[in-house]
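A short worksheet on the structure shown next.
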Amino acid sequence: MKKIASFSVDHNKIGKGMYISRVDGDVITYDVRMKKPNANDYIPYAAAHTIEHLFATFARNSDVQDKVIYVGPMGCRTGFYFLTRDEVSKTEAIKTVLDAMRFISDFSGEIPGTSSEECGNYLEHDLNGAKLIAEDMAGVLENWTEDMLEYKK
């Protein structure tokens with residue numbers, strides 16, 4: 001089998017930020033990297049689960065809601081994938097993720113989708129942990145530009 005594109009990027013050179021991971025037809029996959037890979041600091045499962053619920057809820061209610069394809073965690077627990085149609089400009093994508101991080105860091109109340117009917121692991125959530133990670137990521141993305149979306153070689 002040939003190596004997939006995401007395994008061809010030197011993860012030791014990736015820092016926190018937002019990058020274009022791949023483009024497949026009209027779908028752009030963004031790598032929203034919240035933790036530096038291989039630095040022994042990973043998103044705890046419960047916080048990642050909460051970020052997933054809040055990030056997905058925000059994105060699917062945002063100005064680009066009809067063009068969002070997927071929001072989901074990376075198995076390595078260093079970030080999330082954000083997939084959009086290419087109709088969403090790169091600047092709009094950055095703004096959507098930044099606004100989502102601000103939404104999460106300021107969130108209070110009941111986390112959406114956390115009943116046993118709505119979620120397969122409804123008890124494992126950590127809002128405070130999610131808020132801290134999102135606040136940090138909002139700071140990272142505050143001045144992020146389209147020119148910064150490319151992985152460093």
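Please treat every number below as a calculation from the coordinates, not as lab data. These numbers come from a predicted model, not from an experiment. Positions of Cβ are backbone-derived with ideal geometry, glycine not excepted, and every protein chain shown enters the neighbour counts.
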Quickly rank 68-75, 142-149, 29-36 as a protection proxy: mean count of other C-beta atoms within 10 Å, highest first.
29-36, 68-75, 142-149
How many nm separate the modelled label positions at Ser115 and Asn143, each set 7 Å beyond the Cα in the direction of the Cβ?
4.6
Listed residues Ala100, Ala130, Ala46; largest mean-square fluctuation, Gaussian network over the chain with Cα springs below 10 Å, found at Ala46
Ascending count of other beta-carbon atoms within 10 Å, so fewest first, for Arg85, Arg102:
Arg85, Arg102
What distance in nm lies between label points placed 7 Å from Cα along the C-beta direction at Leu123 and Ser108?
2.8
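Going by a ≥ b ≥ c, the root eigenvalues of the Cα gyration tensor, does segment 42-153 fall in the rounded group (a/c under 1.5), the prolate group (a/b larger than b/c) or the oblate group? Don't skip to the answer; put the middle values down first.
Numbers: a/c = 1.76, a/b = 1.46, b/c = 1.21.
Since a/c reaches 1.5 and a/b is larger than b/c, the shape of segment 42-153 is classed as prolate.
Using a Förster radius of 30 Å, what is the FRET efficiency between Met1 and Leu132 based on their Cβ-Cβ separation? Nearest 0.05, please. Provide the component values of the computation, followed by the final result.
Values: r = 39 Å, r/R0 = 1.29.
Here the calculated transfer efficiency is 0.20.
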Only counting other Cβ atoms within 10 Å, I'd like Met18, Met101 sorted with the fewest neighbours first.
Met18, Met101
Prolate/oblate/rounded label for segment 1-96 (Cα gyration tensor, a/c 1.5)
oblate
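What does the charge add up to near Gly17, with Lys and Arg as +1, Asp and Glu as -1, over the other residues with Cβ less than 9 Å from its Cβ? It would help to have the intermediate numbers written out before the result.
Values: positive: Lys16, Arg33; negative: Asp31.
That works out to +1.
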Pairs beyond 30 Å (Cα-Cα), from Lys3/Lys35; Lys35/Lys95; Lys3/Lys131
Lys3/Lys131
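Roughly how many debye, to the nearest 20, is the charge dipole of the chain about its Cα centre, given +1 on each Lys and Arg Cβ, -1 on each Asp and Glu Cβ, and no other charges?
On the way: 18 positive and 24 negative charges, 159 e Å.
Charge dipole of the chain: 760 debye, to the nearest 20.
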Listed peptides 52-59, 131-138 by packing density, highest first (mean Cβ within 10 Å):
52-59, 131-138
C-alpha center-to-center spacing [segment 1-36, segment 66-123] in angstrom
17
Which whole-number percent is the relative contact order of segment 39-135 (Cα, under 8 Å, 6+ apart)?
36
